[in-house]
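One structure is given below, encoded as structure tokens.
The values are calculated or read from the model by the stated rules, or taken from the named source; none is laboratory data. On a predicted model such as this, the values are computed, not experimentally measured, just so you know. For neighbour counting, all protein chains shown are included, and Cβ atoms are generated from backbone atoms with ideal geometry for every residue, glycine included. Just the protein is used for accessible areas: all its heavy atoms, side chains included, with ligands, DNA and RNA removed. Shrake-Rupley method; radii C 1.70, N 1.55, O 1.52, S 1.80 Å.
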Amino acid sequence: MPDDQTQEHRVLIDPYLDWADAQPVPIVEGYSVDLLDVETKPWPRFGMEGAIVHLKARADFTTLFLHKLPPGATSAPVRHMYEQLVYVLEGQGSTKIDGADGRDIAFEWGPKSMFALPLNARYQMFNGSGREPVVFAVSNFLPLVMNLFINEDFIFNCEHEFPERLGPDGYFEGEGHKIPQPKGPGLWETNFVADVSGFKLEANAARGPGSTSIQFILGNGVMKAHTSAMPVGTYKKAHRHGPDFFIFNVTGSGYSLMWNDGEEDWVRVDWRHGVVFAPPEMMYHQHFNTGPDPARYLAMNLGNRRHPFTAERKKQAAAIGVDVKEGGRQIEYEDQDSRIHRLYLDELAKHGAPCLMSEFMDEQMLLDRMAETV
Ligand SMILES: [Fe+2]
């Protein structure tokens, strides 16, 4: 090894990436990844198969892993000094958590379940089926703690317990409570959502016609999930914010566009179950429903309404749904690139779906804008 590559002489080290490179599993990259099409390999650290997913928009704090458990298999019991949110893509299983407060917690889950694995709580995952594999994605803030402590042993073998992260009885069975908000989307605290596709959402029309959403605080932690839906024949308004948001398509079909301010070219991601993508830092993004059913997504990130964690997250909380012309981060329909509505109408025609924007707003304004720029 040349002198400048010895450990003592290395600079610009990213301990998390060093750790990831040393894992015996594939690392996949991209603006978007189809998680149901990713090769996995045995990952002894977790006692499951896995892969590491590094989306282009991944920044300093969070990462994404994919895990598979064969029929009847059980993962290794692990605990770690990072919070983790789980989204189940396929299969039926259960999780056992050794509660620091003496409680033995066990709960069952299935496709489209989402739940928290609280900070440093020891857990095991079980595939309850004798025939079908289990596939699930996890989002966590291992990069943050690995780059801070630079000590794998501390992160995976710390004995400190955090009973305050487990929540009341029932939180792992889907019970929870609503936290009243003066404005913006509804906020719900729990540890477990049995089926994200069926969770009742609340009106959030500031983000688009008929748009509904709910934000979650899970495991009394700092990570956040939110889910949002668009009615048939509609799309949301474009907006932008910081990085590290991982977005899963939950129901329906459609697409998302992402672009940098002032650039004409878009990055396009088509939606289907299994696809995850992340809008890069301050890149505008906009979501479109082109199917015959409401389209719903689930997003995970670090920093929630209770604990925003960064100044950027506090800014986003204040700017959500606010027009860029008024200092916010959202592009109103009348200000958007006229090609956006044109593309949407073309995509709807391809899928035989009607445009229903006029049921929720003055669609003529969008059509007039298109006509002006032809
Ligand atoms: Fe967004």
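Quick notes on this structure:
- Those residues of region 17-50 which are without any contact (Cβ under 8 Å) to a residue 12 or more places away in the chain and open to solvent by less than 30 Å² (accessible area, probe 1.4 Å), in sequence order: none
- Residue match in region 326-334 (condition: more than 30 Å from Met114 (Cβ to Cβ), assigned to a helix (DSSP H, G or I) and open to solvent by 20 Å² or more (accessible area, probe 1.4 Å)): yes
- Number of residues in region 59-89 that are open to solvent by 10 Å² or more (accessible area, probe 1.4 Å), under 14 Å from Ala278 (Cβ atoms) and touching a helix residue (DSSP H, G or I) at 6+ places or on another chain (Cβ under 8 Å): the value is 2.
- Checking His226 against (1) within 16 Å of the ligand (Cβ to nearest atom); (2) closer than 20 Å to Phe65 by Cα; (3) open to solvent by less than 20 Å² (accessible area, probe 1.4 Å), the condition it does not meet: (3)
- Pairs linking a residue in region 234-248 that is among the charged types (D, E, K, R) to a residue that is assigned to a loop (DSSP other than H, G, I, E, B) and open to solvent by 20 Å² or more (accessible area, probe 1.4 Å), with Cβ atoms under 7 Å and 6 or more positions apart or on different chains, are Lys237/Glu332; Arg240/Met282; Arg240/Arg329; Asp244/Arg58; Asp244/Ala59; Asp244/Phe61.
- Of the residues making up region 268-295, those that are in contact (Cβ under 8 Å) with a residue 60 or more places away in the chain and open to solvent by 30 Å² or more (accessible area, probe 1.4 Å) are Arg272, His273, Glu281, Pro292, Asp293, Pro294.
- Residue match in region 291-300 (condition: closer than 26 Å to Pro111 by Cβ, in contact with a strand residue (DSSP E or B) (Cβ under 7 Å, 6 or more places away or on another chain), away from the ligand (no atom under 14 Å from the Cβ) and not in a loop (DSSP other than H, G, I, E, B)): yes
- Within region 245-267, tally of residues that are within 15 Å of the ligand (Cβ to nearest atom), open to solvent by 20 Å² or more (accessible area, probe 1.4 Å) and in a strand (DSSP E or B): 2
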